Amino acid sequence: MRKKIVLCTLILLCIFMYSGVTAFADDSLGLVPIENTDYYIKQDGSGFYVNITDSEGNKLVETDFRDVEPRLGEYDTIKVWYPEGMQDLSAGLLDKNLNVIVPRDFYSSVDFVEKDGKVYAKAESAFGSESVLYEINTGDENTEAPSEEDAGGNSGAELVPIENTDYYIKKDGSGFYVNITDSEGNKLVETDFRNVEPKLGEYDTIKVWYPEGMQDLSAGLLDKNLNVIVPRDFYSSVDFVEKDGKVYAKAESAFGSESVLYEINTGDENVEAPSVENSEVNGGAESNKACSSWAEESIRIAEEQGLVPQDLRCDYTGNITRGDFCRLAVQTYIAASGKDVDLDAPSPFIDADDPYITAAYALGIVSGVGNDKFAPDNNITRQEAAVMLNNLAAALGKENNSPKTEKYVDESYFAKWAINEIYKVSGMKSGDTYVMMGTGEGKFSPWMNYTREQAIATMLRLYSC
């Protein structure tokens with residue numbers, strides 16, 4: 001009888017092992033096996049899977065698995081969503097050994113195509129530029145799983161000093177910065193630096209984006225000693241205001257509730273000021289209409305030419321959203337072309353029913369962010385604006401065939417899908433200037449947010465070409 005029990009146990013163990021699931025993972029760690037591999041995805045208690053790990057829960061690839069089944073897909077691949085702090089804009093692909101096929105570069109989706117007898121992963125840019133093909137190796141050449149340091153596209157990491165501090169930000173090879181570190185690369189603050197220059201900003205502060213996995217919902221602020229001024233609390237933006245002789249960081253909630261003021265001081269602590277309505281902070285409607293001095297003339301002319309919808313004639317220094325950019329773009333198209341657009345067409349997006357967004361999409365000016373979504377309330381960056389402006393120029397028959405030839409010094413930080421468009425709009429003449437220009441010191445600052453007054457000024461330049 002004992003022999004039969006032992007034999008049955010061995011048979012069951014063999015079946016379990018050869019089913020492709022590692023047998024001895026600690027259930028208390030919240031690990032879910034990826035079928036037919038030696039790897040796991042970790043449940044974080046929020047309803048999502050996060051990170052690929054070994055059987056002991058050690059992180060191998062940092063990723064967000066909210067749209068992926070814990071099993072191999074076509075061609076023995078694993079579709080992932082890299083946590084760039086942007087919603088549905090970071091699709092990627094790994095092989096069964098966790099080697100990177102499609103890197104983290106703000107793709108909205110990854111599909112498979114066959115071409116010339118080979119199989120490719122077709123990665124669609126989230127911002128309407130050309131798709132990119134990555135060949136899938138169906139052989140066994142890549143057999144070694146990446147280490148934690150190299151997994152997820154982090155090979156070739158380097159440290160970039162934050163000027164006038166003892167700290168660094170880590171350039172991970174994906175086109176943007178991640179994490180604040182010491183001189184040896186030891187992580188001090190986990191953050192996504194895609195919109196921040198490696199230097200101190202106003203009042204010796206560092207604006208950061210905490211990696212919450214959603215676009216523009218985690219803005220924060222640190223002082224030069226890395227003390228937290230604006231904490232991690234789903235803010236969409238952080239600006240500076242003066243009130244009663246003091247300087248505050250004004251943090252805007254991503255969900256439309258009241259803004260919060262955090263006092264900026266020169267000590268080691270930063271205190272939270274009482275929350276106030278936007279109108280109170282801005283001193284009423286008149287001050288809310290204020291714009292930067294350089295933009296005054298451009299805004300006046302753009303409004304006279306009918307390029308700016310009435311409800312966008314305010315908050316000029318604030319960041320512009322994808323939805324509002326569409327309204328400016330369509331209004332500019334109508335004024336420049338003299339043509340009407342269809343404002344009654346059904347929306348192709350499940351999260352946006354704005355006729356101007358639909359019209360901009362139909363004109364090829366913008367595209368969605370994946371999963372039939374548009375994310376109309378998300379802010380846009382300068383490189384996104386460059387792509388959209390170039391698309392608008394093409395719709396108007398004004399596309400530039402003589403791009404800027406002098407390279408920007410921060411080109412290595414450009415996303416692949418935006419490189420050509422950045423140089424096209426930077427070389428597009430409008431009178432004695434260009435449709436879009438750099439930010440100084442030979443930089444373009446691709447990850448910096450784009451403001452409403454900047455968008456209006458560039459729309460006017462494009463209109464005047």
Residues (crowded, with 17+ Cβ neighbours inside 10 Å, out of contact with any Phe, Trp or Tyr (no Cβ under 6 Å at 6 or more places or on another chain) and not hydrophobic (A, V, I, L, M, F, W, C)) located in the range 384-397: N390, N391
Taking only pairs six or more apart or across chains, which ones have beta-carbon atoms under 7 Å, a first residue in the range 305-326 that is farther than 25 Å from F240 by Cβ, and a second residue that is of a type in the set (G, A, S) and surrounded by 19 or more Cβ atoms within 10 Å (Cβ to Cβ)? V308/A302; G323/A352; C326/A360
Could you list, in sequence order, all residues of the range 429-465 that are in a loop (DSSP other than H, G, I, E, B) and farther than 24 Å from V238 by Cβ? G431, D432, V435, M436, M437, G442, S464, C465
Would you mind finding the one in L188, L200, L222 that is within 30 Å of P376 (Cα to Cα), at pLDDT 80 or above and over 15 Å from the mean Cα position of the chain (by Cα)? L222
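For (1) loosely packed, with under 15 Cβ neighbours inside 10 Å; (2) touching a Lys or Arg at 6+ places or on another chain (Cβ under 6 Å), each residue gets a yes or a no:
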site	(1), (2)
W294	yes, no
P309	yes, yes
G323	no, no
V330	no, no
G338	yes, no
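Hey, can you tell me all the residues within the range 421-434 that are surrounded by fewer than 16 Cβ atoms within 10 Å (Cβ to Cβ) and either of a type in the set (K, R) or in contact (Cβ under 8 Å) with a residue 24 or more places away in the chain (or both)?
Start the filter on the range 421-434 by keeping residues that are surrounded by fewer than 16 Cβ atoms within 10 Å (Cβ to Cβ), which leaves 429, 431-433.
If the condition is that a residue be surrounded by fewer than 16 Cβ atoms within 10 Å (Cβ to Cβ) and either of a type in the set (K, R) or in contact (Cβ under 8 Å) with a residue 24 or more places away in the chain (or both), then K429, G431, T433 are the ones that fit.
Tell me which strands (runs of 3 or more DSSP E) are completely within the range 4-116 and hold 1 or more residues being modelled with pLDDT of 75 or more and either farther than 29 Å from N179 by Cα or of a type in the set (V, I, T) (or both), or say none if there are none. Even if it seems obvious, please write down each step before you answer.
Details: elements: 31-33, 40-43, 49-53, 59-64, 77-81, 91-95, 100-102, 107-115.
Answer list for the range 4-116: 31-33, 40-43, 49-53, 59-64, 77-81, 100-102, 107-115.
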Might you let me know whether the range 365-385 holds any residue that is under 15 Å from T332 (Cβ atoms) and in contact with a helix residue (DSSP H, G or I) (Cβ under 6 Å, 6 or more places away or on another chain)? yes
Among the residues of the range 124-135, which ones are under 16 Å from the mean Cα position of the chain (by Cα) and either among the basic types (K, R) or at pLDDT 75 or above (or both)? E124
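The values are calculated or read from the model by the stated rules, or taken from the named source; none is laboratory data. Because the structure is predicted, anything quoted here is derived from the model rather than measured. Don't worry about glycine lacking a Cβ; one is built from the backbone with ideal geometry, like all the others, and counts go over all protein chains shown.
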